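These notes concern the structure reproduced below.
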Amino acid sequence: MRRVLVLLALASVCACGLISGASDLRIVDDGADGAADAGAAGETGAGTQVDAGPFTPPAPTCDAPAKCMTAPAGWDGPFAVLLSGLDGRGLLQCPPAFTRGWERTGSTADASAPPATCTCACGALSGSCAVTMNDHDDDKCVEAPDKRVLNVGACVPTAGGADSWRATAAVVSAGCAPDASVSVTPLGGDGGVLGCVPATPEGCGAGACVPPAPKGTRICVRPPDGDPSGACPPEYADAVKLASGVEDSRGCTACSCPATPGCSFTYGLYEKENCLGNQSTIVSDSNCYAPGANGIKLLTASVTGSCAPAGGKPTGTVKTTGDTFLCCVP
């Protein structure tokens, strides 16, 4: 049975921010119930960090007009391919949503070019947290709770007859934008074929998520080991011959920013259910408390933490190649 709560007036004003006229708030021993909410912090104070547990970002998807495409077993690709001179095109550059995968130039190119220069950094962490108030039927936050999601600025009454409560937080979203650059010394030489790969290929169970091919490009695959003697598969039926030359696959591994986020929050306790009375206490932890107020208002809820850059390493080579061909979507 829930206890009847007796509200007691505070005798004085606390210099750390408590306002007089507040009802009695009692923190209970967390030792017996620390396992009830894994990762709960044990200190109070504005901005206390609360470990919300592991955060799993949502899985990427491949949404229209992009589509999942695969290369036949043993083949490379798919690539968005540009040919020099096509539509009066001069210097070859990958279209938006694609990045450079490989390039083939004439035999006069320099095959001793240095590796690509790569940078990979992360922007500021952004995201959001959800704060839940857990109302318990006992005075130590052990019994299974009733749960209420708190919204910043909204006042909710304390649950009638609840003997204790605990606030917990979970990361809803979190991430940092990668800030990457790739610099490749041009090989020079005559002619040119550029193979571009999707900038964000994830989202498919197999193959890659390929955006629509912009004008002047074709979606193609390459035969195993550049073997010029095979036939094109049905889905890539058009053959495009490539003359011998120097092939450049220099580039950088993808730059990503895995996040290690947590949540910080504060909520205020009020004498009146509509939170118009004196603000009695500010709480910023996930300790277990015995009720001592009639209204609760979430004041802040923000994601905290950081991202560590991963990737952005030189990859690929420069080598001479013989005649070969591409197989492209008709």
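The values are calculated or read from the model by the stated rules, or taken from the named source; none is laboratory data. Since this is a predicted model, take the numbers as computed values, not measurements. With ideal geometry, Cβ positions are generated from the backbone for all residues, glycine too; neighbour counts draw on all protein chains shown. To get the accessible areas, we keep the full protein, side chains included, count just its heavy atoms, and leave off ligands, DNA and RNA. Shrake-Rupley method; radii C 1.70, N 1.55, O 1.52, S 1.80 Å.
Scanning segment 151-159 turns up at least one residue that is under 29 Å from VAL303 (Cα atoms), modelled with pLDDT under 90, in a loop (DSSP other than H, G, I, E, B) and not basic (Lys, Arg).
I'd like to check something: does segment 196-215 contain any residue that is assigned to a strand (DSSP E or B), in contact (Cβ under 8 Å) with a residue 60 or more places away in the chain and open to solvent by 50 Å² or more (accessible area, probe 1.4 Å)? Outline the logic, then answer.
Restricting attention to segment 196-215, the residues satisfying the condition of being assigned to a strand (DSSP E or B) are 196-198, 208-210.
If we keep only those that are in contact (Cβ under 8 Å) with a residue 60 or more places away in the chain as well, we get 196-198, 208-210.
Checking which are open to solvent by 50 Å² or more (accessible area, probe 1.4 Å) leaves us with none.
Within segment 196-215, not a single residue is assigned to a strand (DSSP E or B), in contact (Cβ under 8 Å) with a residue 60 or more places away in the chain and open to solvent by 50 Å² or more (accessible area, probe 1.4 Å).
The requirement of being more than 26 Å from ALA259 (Cβ to Cβ) and surrounded by 13 or more Cβ atoms within 10 Å (Cβ to Cβ) is fulfilled nowhere in segment 167-183; no residue meets it.
Residues in segment 71-102 that are open to solvent by 30 Å² or more (accessible area, probe 1.4 Å) and part of a strand (DSSP E or B) were compared, and the one that is modelled with the lowest pLDDT is LEU83. Would you check if GLU202 is within 30 Å of THR317 (Cβ to Cβ) and out of contact with any helix residue (DSSP H, G or I) (no Cβ under 9 Å at 6 or more places or on another chain)? Yes, satisfied.
Please give the strands (runs of 3 or more DSSP E) falling wholly within segment 264-330 in which 3 or more residues are open to solvent by 10 Å² or more (accessible area, probe 1.4 Å). Explain how you work it out, then say what you get.
Numbers: elements: 279-283, 288-290, 295-307, 318-321, 324-328.
The qualifying strands (runs of 3 or more DSSP E) are 279-283, 295-307, 318-321.
Hey, among SER128, SER112, which residue is in a loop (DSSP other than H, G, I, E, B) and hydroxyl-bearing (Ser, Thr, Tyr)? Quick ask: steps written out before the conclusion?
Details: SER128 fails: in a loop (DSSP other than H, G, I, E, B).
Checking each option against the conditions leaves just SER112.
Return yes or no: is VAL210 in contact with a strand residue (DSSP E or B) (Cβ under 7 Å, 6 or more places away or on another chain) and over 26 Å from PRO115 (Cα atoms)? When the stated conditions are applied, VAL210 passes them.
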